[in-house]
Structures are given as C-alpha cells and as structure tokens.
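In what follows, a structure is listed as structure tokens, so that the remarks can point back to it.
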Amino acid sequence: DVLFSDVVETEVRRIEPYAGKRKVTLQKTLEPDVHVKGDVYLLKRVLMNVLKNAVDYNKDGGEVAIALARSGTNAHLTITDTGIGIAPSDLRRVFDPFFKASTSRKAVYGHGSGLGLSIVRQSIEAHGGSIQIASEIGKGTTVNIYLPLFA
C-alpha cells in the first residue's frame, strides 16, 4: 500500500529547483488519499523520470501540469508539458530501449541513455498499470499513467 498522493507531491517538490533554473512552472492538482499497490522506490523513479523529461524538453518559461485523481479502479496521473513535442514517427518508439527521438531533441538534450521511458513502462506494467503518451510538435506532450488503486 503506497500513498501515491504523497509520493507525487514529494517528487514534484524535489524537481521544483531544477524546473526553476529553466523558469518552468509546475502546476499541480492532486486528489488526496490516493493509495496504489506497489513499490514506493520504483514509483518515485518513474515519477522523477517523467517529470525530468517534462522539464528537459520544455521551453524556457514553459509549464508542466501534474494532475492525480481516482478513475474507476485506477489512480490516473497526467503530466502535461508545453515543450517541443515528439514527432509522430518517434512517438511509437519512445518506449524502445536505447531509442532517442529525432536529432533536434538529441542536439539539445543528448545526455540520456535512451533507457528512461523503457524502464518507466516496465515499472508501471510490473505494478499492473499502463502508460500512454500523446504529443504534438511545438505544442507539448501529455503522459497518462494508470495504476490500480489499493482497495
């Protein structure tokens, strides 16, 4: 039993100084007392990876919106950024190990291994959940994570 509301709150607070350096604003709307089944350490790693991507691939002065709510039998976490977006041809491959999106993203943010989202998806699926990513070049990216609620 993991109090996911608190985990999300803590990880958002942890990324705030990093986001502040890029003048990226974090907006959060978190439903309290959302409990999920899982490993708190893995869930923190998932959150930090997705939040860091939302800041790294954002524009200076951009925004990241983080929302957590119950949705049926799941916790639904949405992280939306106002960043550079992901090309449709790259979007279907973002979960592939070692895949890095198009050269425009690599030129600016080529420091990663390309393993982050692969590990994120594996961790979420190990928790019985799912992840989807929608994106539009120049407009931003939305990550939806669903995790089973702890009953």
query: Among the residues of region 4-21, how many are open to solvent by less than 50 Å² (accessible area, probe 1.4 Å) and either in contact with a Ser or Thr (Cβ under 8 Å, 6 or more places away or on another chain) or farther than 26 Å from L147 by Cα (or both)?
result: 2
- request: Would you please name the residue that is least open to solvent (accessible area, probe 1.4 Å), looking only at residues in region 25-69 that are over 19 Å from T10 (Cβ atoms) and at pLDDT 95 or above?
  value: G62
message: Restricting to region 1-53, name every residue that is assigned to a strand (DSSP E or B) and in contact (Cβ under 8 Å) with a residue 60 or more places away in the chain.
response: V2, H35, V36
- prompt: Do we find a residue being surrounded by 18 or more Cβ atoms within 10 Å (Cβ to Cβ), modelled with pLDDT of 85 or more and in contact with a helix residue (DSSP H, G or I) (Cβ under 8 Å, 6 or more places away or on another chain) anywhere in region 98-107?
  reply: no
message: Here is a check on your reading of the model: is I119 closer than 21 Å to G61 by Cα, among the hydrophobic types (A, V, I, L, M, F, W, C) and either at pLDDT 85 or above or surrounded by 14 or more Cβ atoms within 10 Å (Cβ to Cβ) (or both)?
response: no
query: With respect to L26, is the statement that it is within 23 Å of G128 (Cβ to Cβ), touching a helix residue (DSSP H, G or I) at 6+ places or on another chain (Cβ under 7 Å) and of a type in the set (A, V, I, L, M) true?
result: no
query: Which pairs do you get when a residue that is within 12 Å of G62 (Cβ to Cβ), found in region 78-89, comes within reach of a residue that is among the basic types (K, R) and surrounded by fewer than 18 Cβ atoms within 10 Å (Cβ to Cβ), reach meaning Cβ atoms under 8 angstrom, with the pair 6+ apart or on two chains?
result: T82/K59; T82/K139; G83/K59; I84/K59; G85/K139
- prompt: Could you list, in sequence order, the residues of region 70-84 that are open to solvent by 50 Å² or more (accessible area, probe 1.4 Å) and farther than 17 Å from R22 by Cα?
  reply: R70, S71, G72, T73
- prompt: Are there any pairs with C-beta distances below 6 angstrom linking a residue in region 138-150 that is closer than 15 Å to V40 by Cα to a residue that is β-branched (V, I, T) and in a loop (DSSP other than H, G, I, E, B), with the two at least 6 apart or on different chains, and if so which?
  reply: L149/T73
task: For residues that are of a type in the set (V, I, T) and more than 11 Å from the chain's Cα centre (by Cα), scanning just region 122-138, find the one that is most open to solvent (accessible area, probe 1.4 Å).
output: I137
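The values are calculated or read from the model by the stated rules, or taken from the named source; none is laboratory data. Everything numeric in this text was worked out from a predicted model, so none of it was measured. All Cβ positions, even for glycine, are placed from backbone atoms using ideal geometry, and neighbour counts span all protein chains on display. To get the accessible areas, we keep the full protein, side chains included, count just its heavy atoms, and leave off ligands, DNA and RNA. Shrake-Rupley method; radii C 1.70, N 1.55, O 1.52, S 1.80 Å.
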